[in-house]
Amino acid sequence: MGVFLQSLRDGGPSHAVEKSDDGFVVLPRRRTDRAAFNALAREVMEHAGDDYVALPRYDGPANYDRVFIIPIEG
């Protein structure tokens with residue numbers, strides 16, 4: 001597992017993490033700045049590739065409400 005993926009899995013000031021059957025879900029913290037979570041979601045998608053697949057979900061025209069992460073076992 002790459003460093004970025006591990007740091008994402010550990011959670012942070014703008015996001016919480018929930019386990020799922022195939023990986024985990026990155027969610028905004030209740031009091032987080034939506035712009036900060038949107039920036040994190042875009043960064044997660046930019047880093048996707050060899051280590052994991054990122055599947056974002058929108059809650060409106062400009063906001064992400066979660067990103068599903070499926071690690072690629074190799």
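Read-outs throughout are calculated quantities, based only on the coordinates presented, and are distinct from any laboratory measurement. Just so you know, these numbers come straight off a predicted model, no measurement behind them. All Cβ positions, glycine included, derive from the backbone under ideal geometry; neighbour counts span all protein chains shown.
The charge dipole of the chain, taken about its Cα centre with unit charges on the Cβ atoms of Lys, Arg (+1), Asp and Glu (-1) only, comes to about 440 debye.
For the Cα trace of the chain, dividing Rg by the Kirkwood Rh returns an Rg/Rh value of 0.94. One chain, two ends: E18 and F4. Fully extended at 0.36 nm per residue, the span grows by 3.3 nm beyond their Cα-Cα distance. Charge tally around S7: other residues with Cβ under 14 Å, Lys/Arg +1 each, Asp/Glu -1 each, net -2.
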